Amino acid sequence: MPSRILQIASGIKDLKIRGAGRIARAAVEALKIATLEYSGPRDLASFRKYLASVAGILLHTRPTAVSLLNAVVFVLKALRGVNTLNEARDSVLRAADEFIANSLNALSRISEIGSKRIKEGSIILTHCHSSAAVGVITRAFKEGRVVKVYSTETRPFMQGRITVSQLLKQGVPVIQIPDSAVRYIMHEVDYVLVGADTVASNGAVVNKIGTSQVALAAKESRVRVYVAAESYKFSPLTLVGELVKIEYRSPEEVTPREWIEKHPKVKVLNPVFDVTPPEYIDVIITEYGVIPPQAAILILIDKLGWTLESIKYSEGIFEDAEKLVELM
Ligand code: RUB
């Protein structure tokens with residue numbers, strides 16, 4: 001297997017490549033490399049098997065962001081109806097390029113659409129680092145609508161620092177706050193704006209741990225909560241009632257190893273995502289327009305074309321990418 005593929009997979013695992021959108025595009029890039037550099041037997045069945053093994057490695061990197069699964073499925077669907085190895089390679093490469101182009105277009109549409117939803121003179125609070133949210137904020141700032149941004153640190157991994165540096169580069173006045181200061185500062189805020197790793201069919205949003213607390217504080221202060229999410233963040237699996245798996249990472253990201261070793265009886269937990277129920281979200285900004293969270297199911301059915309029948313691959317998908325390829 002080309003080392004670039006393994007590098008991408010470990011980059012996703014170690015958070016060098018992070019954020020649901022980037023993860024999806026990186027996975028697609030890895031499938032593209034696998035296709036371009038395929039040097040196995042010259043028959044279609046062997047190529048499919050090889051691509052399935054690469055998909056398997058990618059799907060096992062991080063469990064929560066459905067963007068990863070949706071991206072891999074989008075590319076693997078290109079194997080449907082092909083008869084030769086050459087046809088398969090061309091088709092996979094076309095699908096990979098299409099996914100990446102669609103994803104970047106979606107981000108730019110979301111910033112355009114989302115910016116219009118921010119009124120002049122606004123103060124925005126954001127959590128973690130989301131390219132989709134940063135895109136909306138930057139555009140709204142350039143259109144003269146944003147006067148200040150509060151960005152949480154986002155413990156333990158401090159993704160908020162990425163948000164701060166990206167916004168500062170664009171000239172946006174941004175103030176970093178500890179996550180625990182969110183409720184204290186909320187009375188100043190006009191909008192909470194965050195990204196999403198997964199949007200469930202009932203409109204619940206899975207995003208960086210702490211998002212649900214931020215939304216709770218916003219609701220208490222009657223501050224609007226906006227979520228910026230490309231359509232490939234919507235999970236078809238939730239249409240058949242599957243729960244979104246929450247990733248737990250190493251306790252050492254939260255507490256230094258020496259401290260943990262000195263206190264062997266203490267258990268340290270590091271859940272890295274949480275679920276914000278639809279009642280705490282005002283709108284989701286997608287490339288198709290602004291929707292109430294309750295309309296998430298329409299994105300899955302009307303825009304992405306999922307039906308209950310077509311979600312036949314859902315069972316055991318993360319365990320068995322080969323099965324996924326077979327179904328394509
Ligand atoms: C990142 C995170 C982001 C979403 C959306 O978590 O929760 O808010 O992925 O990001 P992590 P984007 O750092 O653990 O990957 O809008 O860039 O897709």
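The values are calculated or read from the model by the stated rules, or taken from the named source; none is laboratory data. What you are looking at is a predicted structure, and each value in this text was computed from that prediction instead of being measured. Cβ sites come from the backbone with ideal geometry, for glycine too, and all protein chains shown count toward neighbours. For the accessible areas, the whole protein counts, side chains as well, though only heavy atoms, and no ligand, DNA or RNA atoms are used. Shrake-Rupley method; radii C 1.70, N 1.55, O 1.52, S 1.80 Å.
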Response to the item:
Summing +1 per Lys or Arg and -1 per Asp or Glu among the other residues with Cβ less than 14 Å from residue 12's Cβ gives +4
Worksheet item: Taking region 242-311, which trypsin sites (Lys or Arg not before Pro) meet the DSSP loop condition and have no more than 10 other C-beta atoms within 10 Å?
Response: 265, 267
Worksheet item: In region 110-303, what percent of the accessible surface is made up of carbon and sulfur (1.4 Å probe, ligands and nucleic acids excluded)?
Response: 53
Worksheet item: Of the trypsin sites (Lys or Arg not before Pro) in region 40-144, which ones lie in a loop per DSSP and count no more than 13 other C-beta atoms within 10 Å?
Response: 42, 80, 119
Worksheet item: Quick one: longest stretch of the chain between exposed loop GluC sites (Glu not before Pro), exposed meaning at most 12 other C-beta atoms within 10 Å and loop per DSSP?
Response: 121-314
Worksheet item: Could you give the accessible area per residue of the chain, probe 1.4 Å, as a whole number in Å²?
Response: 45
Practice prompt. Just add up the charged neighbours of residue 40: K/R +1, D/E -1, any other residue whose Cβ is under 11 Å from the Cβ of residue 40.
Written response: +1
Discussion item. If you take every residue apart from residue 21 with its C-beta less than 11 Å away from the C-beta of residue 21, what net charge results, scoring Lys and Arg +1 and Asp and Glu -1?
Written reply: +2
Worksheet entry | At most 13 other Cβ within 10 Å, DSSP loop - trypsin sites (Lys or Arg not before Pro), region 198-238 | 222
Item to complete: Restricting things to alpha carbons, tell me how big the chain is in terms of Rg and Dmax, in Å.
Response: 20.3, 64
Discussion item. As a test of the formula, what do you get for the chain when each DSSP H run with n ≥ 4 contributes -39,500 (n - 2.57) and the sum is divided by the residue count, at 222 nm and rounded to the nearest 500 deg cm²/dmol?
Written reply: -13000 deg cm²/dmol
Practice prompt. List the DSSP H helices in the chain whose Cα atoms stretch 20 Å or more along the helix axis and whose mean Kyte-Doolittle hydropathy is at least 0.5.
Written response: 20-36, 44-59
Worksheet entry | Where the Cα pairs of region 110-303 fall when distances are cut into 10 Å bins, in % | 9, 36, 34, 16, 4, 0
Worksheet item: Taking the simple approach of a point 7 Å from Cα along Cα-to-Cβ for both residue 308 and residue 184, what is their distance in nm?
Response: 5.0
Practice prompt. In whole Hz, with x marking every Gly and Pro, tabulate ³J(HN,Hα) for region 294-300 from phi via Karplus 6.51 cos²θ - 1.76 cosθ + 1.60, θ = phi - 60°.
Written response: 5, 8, 4, 4, 5, 4, 5
Worksheet entry | Alpha carbon centroid spacing (whole Å) that separates region 102-149 from region 13-70 | 30
Worksheet item: ³J(HN,Hα) across region 273-290 via Karplus (A = 6.51, B = -1.76, C = 1.60, θ = phi - 60°), whole Hz, x for Gly/Pro?
Response: 9, 9, 10, 9, x, x, 4, 9, 10, 7, 8, 10, 9, 10, 5, 8, x, 8
